[in-house]
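To keep things clear, I will list the structure first and then write my remarks on it.
The values are calculated or read from the model by the stated rules, or taken from the named source; none is laboratory data. Treat the numbers as computed from the prediction; the structure is a model and nothing was measured. Here the Cβ positions follow ideal geometry from the backbone for every residue, glycine too, while neighbour counts run over all protein chains shown. To get the accessible areas, we keep the full protein, side chains included, count just its heavy atoms, and leave off ligands, DNA and RNA. Shrake-Rupley method; radii C 1.70, N 1.55, O 1.52, S 1.80 Å.
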Amino acid sequence: HSFPTRRSSDLANEYFRGMGTQIQRLQFWMKSICSRVPHYTRIVLVGTHRENLNNNCIKILNDHLKSFLSEKYCAKVMENDVDRLIFFPVENTLGNKDNGIKELQSKIMCVASEQQKRLIIEHNIPLQWILIQDVIMKLKVNSNDTFCVTVDELQRIIMEDFVLHDKCRLSKDMLKYFHKIGLIIYVDRRQDFDLSNWILVCPEKLIDIFIDISSKPAESTRYRGSLKYDWKLLQRKGILTKQLLQSLLSTVEKEEEAVIAFLEHYGLICPLEYKEITRSTKYDCDIQPTHFVPSLLPLSANGNTPVWHNNDGDKKFYVFFCNFLPEALFHQLLSRAQKNSTLEFPNGKTVLYRDAGKFWMNPWLSYQLTLIEEEEMIEVTYNSRYC
């Protein structure tokens, strides 16, 4: 797995005086990766622009990285055996002639081979699965045409491949395995929308779509046209309207419902009911807020509505995370709590912020979730008088 590379020289600038800030940025990406991948995933740290540093600077940099990262991530970060470092310093301008790049390539191939053998032994992979995997890899080249397909459509594509024969049938076990190794996204779940009928052939496209939703648009897009109000609502309050969501998904219009279901499943967007808004015309329906985006919600300190009114009978307990608590994990929790509250107790008013929320456990018992990221924990508050 990869994340934005850091220049070795950036970390070492001004005699390492900015090291703390740079390490925090690196830790953010480490937390993000660790929250999304299996526990056995290995991570490679790569430092570019090696020519700007002498061997002494590289050693000092390595000591800093070990000091900040080894306690939490030592089991995941691969060591540079040749240089005895926790990262791989490389010089991109030299291409494949650079010794650092050669060492990096060798390490990646070695670990990838070990992981592949482990997965094959663990799952006892049949030859048919490997052949079907090759077909899916071909589809990824034309991912714009086959970004999101039904299980039946993928089966038809596979059967048309001349390498395969009639016995090569898709199975849930096969699709779950492909999902586990990151080849596709397959969710064996039946809810409001049956995701088990759909497959994301190119998973990274889902991230691209979410980036379009969560990033600030160009000024020409943000302040002109019929979506001006919608963009402001999204950026200021994290609320997503139907017409803006449809606009952002215009390139996958045929699979729009499936893509929305995947975004909801991973808590990237969450359904939001606004019963007080009248849906008298088609236009009103289009501007109706349909979802919220947890990562774009305002902070509770900046909101007008208090999340919780303290009472004498309040009880608190805490959920501690020994290694990391990324915001993304808390946002998924907010999404699930919101969905459960609105489905089970639609008359209970919820309160939503990026770092806190009020939800309902039953018709007379509400609870508060608060993110305390610096302490790596979540605070849960409820009133014991109603238990």
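Key figures for this structure:
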{"item": "Which numbered condition Ala328 fails, given (1) more than 19 Å from the chain's Cα centre (by Cα); (2) aliphatic (A, V, I, L, M); (3) part of a helix (DSSP H, G or I)", "result": "(1)"}
{"item": "Residue identified as modelled with pLDDT of 90 or more and not in a helix (DSSP H, G or I) among Ile260, Ile277, Ile199", "result": "Ile199"}
{"item": "Some residue of the range 56-64 being within 24 Å of Lys102 (Cα to Cα) and either at pLDDT below 80 or part of a loop (DSSP other than H, G, I, E, B) (or both)", "result": "no"}
{"item": "Verdict on Thr221 being modelled with pLDDT under 90 and polar (S, T, N, Q)", "result": "yes"}
{"item": "Counted residues, the range 318-360 - those being over 14 Å from Glu374 (Cα atoms), hydrophobic (A, V, I, L, M, F, W, C) and at pLDDT below 90", "result": "4"}
{"item": "Selection count, the range 243-268, where residues are free of Cβ contacts under 8 Å to residues at least 24 places away in the same chain and open to solvent by less than 10 Å² (accessible area, probe 1.4 Å)", "result": "1"}
{"item": "Members of the range 341-364 that are within 17 Å of Pro306 (Cα to Cα), hydrophobic (A, V, I, L, M, F, W, C) and either exposed (fewer than 15 other Cβ atoms within 10 Å of the Cβ) or without any contact (Cβ under 8 Å) to a residue 40 or more places away in the chain (or both)", "result": "Phe359, Trp360"}
{"item": "Failed condition for Thr305, given (1) loosely packed, with under 14 Cβ neighbours inside 10 Å; (2) hydroxyl-bearing (Ser, Thr, Tyr); (3) outside any loop (DSSP other than H, G, I, E, B)", "result": "(3)"}
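Okay, residues lined up against (1) at pLDDT below 85; (2) in a loop (DSSP other than H, G, I, E, B):
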site: Lys117; (1), (2): yes, no
site: Ile120; (1), (2): yes, no
site: Ile132; (1), (2): no, no
site: Val149; (1), (2): no, no
site: Arg156; (1), (2): no, no
site: Met159; (1), (2): yes, no
site: Phe162; (1), (2): yes, yes
